[in-house]
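The structure under discussion appears below in the form of structure tokens.
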Amino acid sequence: MGALHAGHLALIARAREHGSVAASVFVNPLQFGSGEDFERYPRDLERDRERLQDAGVELLFAPEVSAMYPEDFSTFVDVGAIGESFEGAARPGHFRGVATVVVKLLHVIEPAVLCLGQKDAQQSAVLKRAVRDLSLPVEIRLVETVRESDGLALSSRNAYLDAGERAAAPTLYRSLLALRAALDRGAAKSEAVEEARSVLAPSATLDYYDVVDVETFEPLERPRPPAFIIGAARFGRTRLIDNLWVRP
């Protein structure tokens, strides 16, 4: 959706391993709910264009909203239960909007490979399901999360954080590490979650922690690989998500 950072550029670097690279920049109104930050979401298309060109992108697709969604637009992609928990519960309709726009973009661009960021773990599971169920001829590659030196996962929404919130935000990642360490030494998931809570900054408002299957996003009692350890919390008005990838 633009406001490109080093995490996006890592996707491009991975994509370049497979040949010519196309990128889209489109702030998708369908994935924003009422009262969310669609109007204020950071936009700087010219800067994004320059960064994409410098990174070796051959094609930039940056449509207007009216081109993607005509006034009488009425067809949507609903991925079912996988899009209704966690981020889907916190942001009803979000994944319907994500799946709809990505299926449209895949149809327009027709890539052989789609590179997705690990940070948006549930989004990757939703899109894998949509690609499988709709028999779309594209291979999905997941690219590891890129982080600041203090562990904060790169996100366009980090720009919303004030100095105090920015100082507290890395505790989300640290709390996930604490959760994994507790599980690794045999703690029950409920106990591990409490340990993670103790690491999260007191000023943060926790939304959830859990351990989930990579493909279904169903909760697991133990991080049976491949799995994600996931978390979401608010720092001021800014809601951040993060995860740890438990590899096979």
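Values quoted throughout were computed directly from the atomic coordinates according to the rules given, and no laboratory measurement underlies them. None of the values given here were measured: they were computed from a predicted structure. Note that each Cβ is placed from the backbone with ideal geometry, even for glycine, and that neighbours are counted across all protein chains shown.
Using the Cβ-Cβ distance between residue 20 and residue 185 with R0 set to 45 Å, the FRET efficiency works out to roughly 0.45. The calculated FRET efficiency for the pair residue 144 and residue 215, based on their C-beta separation and a Förster distance of 22 Å, comes to about 0.80. Every Cα-Cα pair in region 10-104 was counted, and those over 17 Å apart are 61% of them. With each label modelled as a point 7 angstrom along the Cα→C-beta vector, the residue 81-residue 167 pair spans 4.5 nm.
What is the list of residues in region 175-203 whose amide nitrogen lies under 20 Å from a point 7 angstrom out from the Cα of residue 247, following Cα to Cβ? Backbone N within reach: 176-185. One decimal place: the segment residue 39-residue 73 gains 10.2 nm when fully extended, by the rule 0.36 nm per residue minus the C-alpha distance.
Bins of 10 Å, beginning at zero and ending with the bin holding the largest distance: percent of Cα pairs per bin for the chain, please. Pair shares across the bins are 7, 29, 38, 21, 5, 0.
Classify region 161-246 as rounded, prolate or oblate, taking a ≥ b ≥ c as the square roots of the eigenvalues of its Cα gyration tensor: rounded when a/c is under 1.5, otherwise prolate if a/b is larger than b/c and oblate if not. It comes out prolate by the Cα gyration axes. In terms of the mean number of neighbouring beta-carbon atoms within 10 Å, the peptides 56-66, 198-208, 21-31, 122-132 order highest first as 122-132, 21-31, 198-208, 56-66.
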